[in-house]
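Read the figures in this text as sums done on the coordinates, not as results from a lab. Remember, predicted model here, so these are calculated numbers, not experimental data. Cβ: placed from backbone, ideal geometry, glycine included. Neighbour counts: every protein chain shown.
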Amino acid sequence: MLGAMQDWNMVVSHLIDHAAREHGAREHVTRWADGTETRTDWAGIRRDALKMTQALRRLGIGKGDRIATLAMNHSRHLVSWYGAVGVGGVLHTVNPRLFDDQLDYIVNHAEDRVLLYDVAFQPIVDRMRSQWKTVEHYICYDPPAGSDVLGFEDWIGAEDGDTQWTQVAERDPCMLCYTSGTTGNPKGVLYEHRSTVLHAWTGLQPMAFDFDTQSVMLPVVPMFHAASWGLPWAGAMTGVKFVYSAVNEPKVLCDLMDREGVTHSAGVPTVWLAMFQHVDAEKRELPKLKQAVIGGSAAPRFMIERLMKAGIRVAHAWGMTETSPIGTVGAPTHDWDAKTFEQQVDMVQMQGRPTFGVELRTVSLDDMETELPRDGKSSGALQIRGPWIIKRYFKAEEDAARPDGWFDTGDVGIIHPDGTLQLTDRTKDVIKSGGEWISSVELENAAVGHPAVAEAAAVGMPHPRWDERPVLFVVRKAGADCCAQDIIDHLTPQVAKWWLPDAVEFVDDIPHTATGKISKKDLRARFADYRLEADA
Ligand code: AMP
């Protein structure tokens, strides 16, 4: 016997239809790179997205075709999200910070047919155009006056918007994001309509993005990184007002937040760091946010403390491109109010708990098989499964997930008895010393708490007796001074004695990946000849 409820295809066009119908007048404000501002609303986004589907059809673009964007955050970019998906296409958000060989690889691998871009990235387009073999149409979001490139507004302005979305099935693909990865070529993660809608639902809830009809969101996380954490999809469900800045300058962000009544924001830790520096230099207050989502890399303790002291709830989230990206989010637990401020900060420093739909487990790092207890102590390889977790990379011949659905995240963590995840490292970065594991991330987090340290990276270096021993690479803050012993003294009360680095090396810079994370691969390559002496 079947149940007796209606069919309802779980597709992304429902999101924009709902937003336009129920929250049509809620605004989208964009501050452009040239300082000008434009305003539209959810009804306007839908109208323009429909026009874009007409314009795409006129170019012969349809179901399954890849439509790329190379753009910062703004309302025209959002229109393209819904327009590309609305024509049955696959939206491919390209990260403009990728290196040329990666840009070359992913656009060709995706076989993008259309590329929409910000004029700020015109140099990339000019440089790469001859290598991007499949791209037939280039459209600029903000062409300078008098230029002869096709502008987005002119392109969609030729249409009347009187059309329907292309019919698709809920398991059809709708979006493609590449991860820059630590080895080999970037890999494409192909989201589907159903996974996107389910993920948007999970994002809404109080224990995640905490969206309601009054929310005003300024997403600092770029629309080209991990689907902007799903914010542009989730926000449609409750008609969130969006405020975008096409530049990531802290002054611009703070001004917009103050003026537009921003209640929610989301970004990687460096965003908040830049914001602190700005408000300190200008002697102004942090914007009056209700919630800040921090993810992408571990949120340092001082950052959490400062935001919480300013009355801002910190939702520390963990996820990856392969997980759409929400895996876990930190939210107050039932006994939150009984905790001291220090205990609350301890809690927020961990990566939170899985939202409904996500299952987590840790397995032994030695055999990658034996499941570990959720005891708050055992640290192991983190695996995940659920309806918005990757099964197979785009065009790959084999599944990325195991036959039982578990996907190996490449992260190392501890699961506490209440389900809270505490991330301790990446499997490739964890340091094995005398058969025991040392967390490079914990060493780094402790080191950046030193007032003279701007950035720190711990790497396991070959050691004749212990296999590997930690070496800490440190970039000093401009004008600050400290020596290796100062750093060791600072670390000593915070980590086990045998975790203390064998050496502290001061460097001018630490290499980063295109998504702004420390690239240990490049750091290791730079110090390939580094040798530690055997101890007595
Ligand atoms: P990406 O796919 O580029 O978003 O990178 C995902 C990776 O970022 C994860 O596998 C983690 O290693 C790291 N990451 C994401 N969120 C956090 C977090 N809150 N704390 C520590 N690492 C994180």
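Relative to the longest principal axis of the chain, what angle (0 to 90°, nearest 10) does the C-alpha long axis of helix 75-86 take?
Around 70 degrees separate the two axes.
Fully extended, how many nm does the chain gain between Asp404 and Leu2 (0.36 nm per residue separation, minus their Cα-Cα distance)?
In short, 142.0 nm is gained.
Taking 0.36 nm per residue of sequence separation and subtracting the Cα-Cα distance, how much length would be gained by fully extending the chain between Lys290 and Asp418, in nm to one decimal?
43.5 nm
Want the number for Trp498 to Asp367: 0.36 nm per residue separation, take away the alpha-carbon distance, what's left?
Taking 0.36 nm per residue and subtracting the Cα distance, the gain is 44.7 nm.
Over segment 13-356, what relative contact order in percent results from Cα pairs under 8 Å that are six or more residues apart?
16
Given H placed 1.01 Å from N in the peptide plane, which residues other than close sequence neighbours of Gly410 have an amide H under 5 Å from its amide H?
Hits under the 5 Å cutoff: Leu382.
Considering only DSSP states other than H, G, I, E and B, which chymotrypsin sites (Phe, Trp or Tyr not before Pro) in segment 77-150 qualify as loop sites with at most 14 other Cβ atoms within 10 Å?
Filter output for segment 77-150: Phe99.
When a/c is below 1.5 the answer is rounded, else prolate if a/b is larger than b/c, else oblate, so apply that to segment 135-260 with a ≥ b ≥ c taken from the square roots of the Cα gyration tensor eigenvalues.
It comes out rounded by the Cα gyration axes.
What is the distance in Å between the Cα centres of segment 38-100 and segment 481-503?
Measuring centre to centre over Cα atoms gives 50 Å.
Quick check: convex hull over the Cα atoms of segment 40-96, volume per residue in Å³, rounded to an integer?
Residue-normalised Cα hull volume stands at 62 Å³.
Can you compute the charge dipole magnitude of segment 219-320 about its Cα centre, using +1 on each Lys and Arg Cβ and -1 on each Asp and Glu Cβ, nothing else charged? Give it in debye, rounded to the nearest 20.
The calculated dipole for segment 219-320 is roughly 260 debye.
Determine the sum of side-chain charges near Leu56: Lys and Arg each +1, Asp and Glu each -1, restricted to other residues whose C-beta is under 12 angstrom from that of Leu56.
Once all neighbours under 12 Å are counted, the net charge is +3.
What is the helix-to-structure angle for 193-204, meaning the angle in degrees between its Cα long axis and the longest Cα principal axis of the chain, kept from 0 to 90 and rounded to the nearest 10?
That works out to roughly 60 degrees.
List, in the order given, every pair from Lys251/Lys309; Lys477/Lys521; Lys187/Lys517; Lys51/Lys251; Lys339/Lys391 whose Cα-Cα distance in the structure shown is over 29 Å.
Lys51/Lys251; Lys339/Lys391
Under the rule a/c < 1.5 gives rounded, and otherwise a/b versus b/c splits prolate from oblate, where does segment 1-127 land using the Cα gyration tensor?
It is oblate, given that a/c is not under 1.5 and a/b is not larger than b/c.
Which trypsin sites (Lys or Arg not before Pro) in segment 238-334 sit in a loop by DSSP (not H, G, I, E or B) and have at most 11 other Cβ atoms within 10 Å of their own Cβ?
Of the trypsin sites (Lys or Arg not before Pro), the ones in loops of segment 238-334 whose Cβ has at most 11 other Cβ atoms within 10 Å are Lys283.
Once the Cβ-Cβ distance between Phe356 and Phe302 is put in as r, and R0 is 30 Å, what FRET efficiency do you end up with, to the nearest 0.05?
0.40
Set Lys and Arg Cβ to +1 and Asp and Glu Cβ to -1, take the dipole of the chain about its Cα centre, and tell me which of Ile384, Gly319, Leu218 lies farthest positive.
So the residue we want is Leu218.
Take the Cβ-Cβ distance between Asp346 and Ser378 as r, set R0 to 25 Å, and report the resulting FRET efficiency rounded to the nearest 0.05.
0.85
From the residues Gly184, Ala246, Trp165, which one has its Cα farthest along the dipole of the chain in the positive direction, the dipole being from +1 and -1 charges on Cβ of Lys/Arg and Asp/Glu about the Cα centre?
Most positive-ward Cα: Trp165.
For the chain, what does the alpha-carbon gyration tensor say about shape, rounded, prolate or oblate, given a ≥ b ≥ c as the root eigenvalues, a/c under 1.5 as rounded, and a/b over b/c as prolate?
prolate
Can you figure out the FRET efficiency of Asn248 with Asp280, using R₀ = 25 Å and their beta-carbon distance, to the nearest 0.05?
0.90
Scan around Ala503 for amide H atoms under 5 Å from its own, H built in the peptide plane at 1.01 Å from N, and keep only partners 5 or more places away or cross-chain.
The answer is Leu472.
Under 5 Å between amide hydrogens, which residues at least 5 positions from His316 or on another chain qualify, with H placed 1.01 Å from N in the peptide plane?
Sorted by chain and number, the residues that satisfy this are Ile294, Gly330.
Going by alpha carbons, how many degrees (0 to 90, nearest 10) lie between the helix axis of 42-58 and the longest principal axis of the chain?
Here the helix axis deviates by roughly 70 degrees.
What value, in deg cm²/dmol to 500, does the helix sum -39500 (n - 2.57) over DSSP H runs of n ≥ 4 give at 222 nm once divided by the residues of the chain?
-8500 deg cm²/dmol
Using alpha-carbon pairs under 8 Å, 6+ residues apart, how would you state the relative contact order of segment 429-526 in percent?
Computed value for segment 429-526: 25 percent relative contact order.
Using θ = phi - 60° and the Karplus form 6.51 cos²θ - 1.76 cosθ + 1.60, what ³J(HN,Hα) does each residue of segment 481-488 get, whole Hz, x for Gly and Pro?
10, 6, 10, 4, 5, 4, 5, 4
Once you charge only the Cβ atoms, +1 for Lys and Arg and -1 for Asp and Glu, what is the size of the charge dipole of segment 370-521 about its Cα centre, to the nearest 20 debye?
Computed charge dipole of segment 370-521: roughly 340 debye.
Modelled label-to-label distance, Tyr105 and Arg476, 7 Å Cα→beta-carbon offset: nm?
Between Tyr105 and Arg476, the label points sit 3.7 nm apart.
I want the antiparallel fraction of DSSP beta bridges within the chain, as a percent rounded to 5.
Antiparallel: roughly 55 percent of the beta bridges in the chain.
Please name whichever of Val11, Ala120, Val135 sits farthest to the positive end of the charge dipole of the chain, dipole taken about the Cα centre and charges placed at Cβ: Lys and Arg +1, Asp and Glu -1.
In the chain, that residue is Val11.
To the nearest 20 debye, what is the magnitude of the charge dipole of the chain about its Cα centre, counting +1 on the Cβ of each Lys and Arg and -1 on the Cβ of each Asp and Glu?
Rounded to the nearest 20 debye, it is 600 debye.
Could you please rank His193, His137, placing first whichever residue has the fewest other Cβ atoms within 10 Å of its Cβ?
So the residues, fewest neighbours to most, are His137, His193.
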